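Below: the structure, in structure tokens.
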Amino acid sequence: MIRIAAQHLFDGHGIVNDAIVTVNGPHVVSVETSGHLGERCDYSVAWATPGLIDLDSGIGLKEESLGFEGNDLNEETDAVTPEMQAMDGLSPYDTSLQKSLMGGVTTALVLPGSSNVVGGRGAVVHMVGATANEMCIKAPFGMKFSLGNDPKQAHGQKRTPMTRMGNAFLIRDILTKAREYKEKKEYNMKYEALLPLLAGDDVAFIQALRADDIMTAVRLAEEFSLRYVITGAFDADRVADQLKEKDVTIAFGPIIMSRSVDEAKRLHPENAVALLGSGTRTAIIAGHPNYPAKYLRISLGLLVGRGISPEQALGSVTSVPAGILGLDGYGEICPGSVADLALFKAQPWEPEGVTEHTFVGGNEVYALS
């Protein structure tokens with residue numbers, strides 16, 4: 001039994017003051033908002049939040065400080081590889097995993113990279129475990145698609161896709177073939193991997209940065225009646241009204257990254273503010289390794305400083321991604337929820353809001369030395 005006293009508790013939906021969280025085994029058993037803080041408590045902190053969730057990550061697939069031998073993000077031998085599974089490339093020894101715990105990030109949807117038009121299936125994982133299986137919460141889950149420049153650069157040397165038309169064609173072609181494949185008997189692993197998506201049992205995570213690519217993603221998803229999330233979405237403010245009207249879900253980010261590529265030239269925190277302000281369902285992502293998962297919380301400060309409430313900002317990396325991933329009991333702190341917790345010295349979105357302790361399933365996996 002662990003008791004945690006927090007001056008401020010974000011429970012996934014709102015902020016309450018002077019709370020005591022009791023954890024027994026892997027779950028939260030109670031949240032008290034009365035009594036004396038620190039009385040009979042094992043931990044006393046300024047802030048407590050659910051463990052943060054990065055909704056689109058390459059962590060464990062591209063290992064920090066390693067070159068070719070540690071880069072398993074993209075199977076670039078083919079532009080269309082739905083049969084690939086992130087679990088098969090995931091390394092539990094990537095040093096970024098422990099560093100993410102230092103930032104209060106406990107969970108990620110790990111997806112193949114963006115070099116292929118269809119990259120493969122993802123895995124929802126905890127950031128700790130001796131093996132990929134021990135890390136796994138749910139897999140396979142999510143199918144990665146990519147529109148824009150990345151597939152063109154990786155594959156467009158006088159072969160498809162050389163253009164955005166080619167990107168869309170390859171997606172439309174493989175989904176059409178998979179839909180027709182349901183009536184055939186000859187086994188094909190590419191098509192089999194797409195059947196859960198076509199049946200509505202899986203989610204398409206479509207990377208689209210420019211506004212035109214975002215709307216192409218929407219058009220393709222509607223054409224095949226897919227459940228989908230647009231990731232990256234740097235230009236989404238330009239089509240915010242259309243996205244709100246169609247109830248599109250966005251995984252925006254990373255907010256902090258180099259603008260060295262043309263597609264990122266309009267990337268700005270104000271674009272995320274526009275989405276959140278419009279009521280569009282929006283999660284904020286680190287997009288590791290584009291931006292280290294450890295600093296996901298710092299991105300939130302750019303939103304709070306521009307008028308987004310702390311509750312909405314914190315929700316964008318806890319309860320919102322948990323809901324998108326269908327993870328009951330994650331992204332919130334309430335009786336029965338999974339005891340993935342991040343404890344901070346100050347406001348989590350501020351640089352001085354250093355993580356003091358991180359818990360996964362009720363076990364302390366990081367403590368500030």
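For Val365, enumerate residues with amide H under 5 Å from its amide H, sequence gap 5+ or separate chain, H modeled in the peptide plane.
Answer set, sorted by chain and number: Thr358, Phe359, Val360.
What is the distance in Å between the Cα centroid of region 217-244 and that of region 286-313?
Their Cα centres are 22 Å away from one another.
Kindly write out, for region 95-105 in residue order, the coupling ³J(HN,Hα) from the Karplus curve 6.51 cos²θ - 1.76 cosθ + 1.60 (θ = phi - 60°), rounded to whole Hz, with x marking Gly and Pro.
5, 5, 5, 5, 5, 5, 4, 5, x, x, 8
Nearest 0.05, what FRET efficiency do Ala367 and Ser30 give at R0 = 22 Å with Cβ-Cβ as r?
0.40
To the nearest 20 Debye, how big is the dipole of the chain about its Cα centre, given +1 on the beta carbon of each Lys and Arg and -1 on that of each Asp and Glu?
That gives a dipole near 820 debye.
How large is the Rg to Rh ratio of region 1-146 when both quantities use alpha carbon positions and Rh follows Kirkwood?
Rg/Rh: 1.11.
Please list Thr160, Thr77, Thr358, Thr176 from largest to smallest accessible area, probe radius 1.4 Å, with all protein chains kept in place.
Largest accessible area first, the list is Thr77, Thr160, Thr176, Thr358.
Within region 9-26, whose backbone N sits under 16 Å from a point 7 Å along Cα→Cβ of Gln312?
Output list for this probe position: 13-15.
Sort out the exposed loop chymotrypsin sites (Phe, Trp or Tyr not before Pro) in the chain (DSSP loop, at most 15 other Cβ within 10 Å) and tell me the longest stretch that has none. List each step's numbers first, then the result.
Numbers: sites that count: Tyr93, Tyr187.
Formally, the longest exposed-site-free interval is 188-369.
Would you calculate, for the chain, the mean residue ellipticity at 222 nm contributed by helices, counting each DSSP H stretch of 4 or more residues as -39,500 (n - 2.57) and dividing by all residues, to the nearest 500?
Taking each H run of at least 4 residues, the total per residue is -7500 deg cm²/dmol.
Taking only the Cα atoms of the chain, how large is their convex hull per residue, in Å³?
135
Over all pairs of distinct alpha carbons, what does the Kirkwood formula give as the hydrodynamic radius of region 237-309, in Å?
Details: mean 1/r = 0.0790 Å⁻¹.
When all Cα pairs of region 237-309 are included, the Kirkwood radius is 12.7 Å.
Taking just the alpha carbons, could you work out the radius of gyration and Dmax for region 127-239, both in angstroms?
Final numbers for Rg and Dmax: 15.7, 45 Å.
Identify, among Ile2, Tyr187, Thr176, the residue whose Cα sits farthest towards the positive end of the charge dipole of the chain, taking +1 on the Cβ of Lys and Arg and -1 on the Cβ of Asp and Glu, with the dipole about the Cα centre.
Thr176
When the accessible area of region 203-259 is computed with all protein chains present and a 1.4 Å probe, what percentage of it is carbon and sulfur?
Carbon and sulfur together cover 42 percent of it.
Using amide H atoms built in the peptide plane, which far-off residues or other-chain residues are under 5 Å from Asn74 H to H?
Counting only residues 5 or more places away or on other chains, the set is Gly113.
Considering the chain as a Gaussian network with a 10 Å cut-off on Cα pairs, which listed residue, Arg259, Arg179, Arg281, attains the greatest mean-square fluctuation?
Per the Cα network of the chain with a 10 Å cutoff, Arg259 tops the list.
The values are calculated or read from the model by the stated rules, or taken from the named source; none is laboratory data. What you are looking at is a predicted structure, and each value in this text was computed from that prediction instead of being measured. Quick reminder, even Gly has a Cβ in these numbers, built from the backbone with ideal geometry, and neighbours come from all protein chains shown. What goes into the accessible areas is simple: the full protein's heavy atoms, side chains included, and nothing from ligands, DNA or RNA. Shrake-Rupley method; radii C 1.70, N 1.55, O 1.52, S 1.80 Å.
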